[in-house]
Amino acid sequence: MERLCSSPLHENISTALDKHLESIRVVQARRKDEIVNAFSRQRHGPPRCQDERVVLALAVALRALCLATRKVRTV
């Protein structure tokens, strides 16, 4: 981002962008876990407890992404 502006950004902006990118990567990882879990459940039968944990982890990651997105938009 700093290369586009040809000047350094404020520290808060850089921090917010880094957190936003980190949140995106966490959501991608949780989504991948959910897909793998759904595929393995199809194969072996339904272990429900693990399913709920994976979906809950994805929901928590999405909430963090939402908050990070708001922060980036505000900054």
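Restricting the first residue to the stretch 22-34 and requiring it to be under 12 Å from Arg63 (Cα atoms), which pairs with a second residue that is charged (D, E, K, R) meet a Cβ separation below 8 Å and a spacing of at least six or different chains?
Between residues of the stretch 22-34 that are under 12 Å from Arg63 (Cα atoms) and residues that are charged (D, E, K, R), there is no close pair.
For a quick check of your reading: which helices (runs of 4 or more DSSP H) sit entirely within the chain and have at least 1 residues that are open to solvent by 80 Å² or more (accessible area, probe 1.4 Å), at pLDDT 90 or above and not charged (D, E, K, R)?
11-44, 48-74
The values are calculated or read from the model by the stated rules, or taken from the named source; none is laboratory data. Since we're looking at a predicted model, the values are computed, not measured. Positions of Cβ are generated from backbone atoms using ideal geometry, with glycine treated the same way; all protein chains shown enter the neighbour counts. Surface accessibility is based on the protein's heavy atoms, side chains included, excluding ligands, DNA and RNA. Shrake-Rupley method; radii C 1.70, N 1.55, O 1.52, S 1.80 Å.
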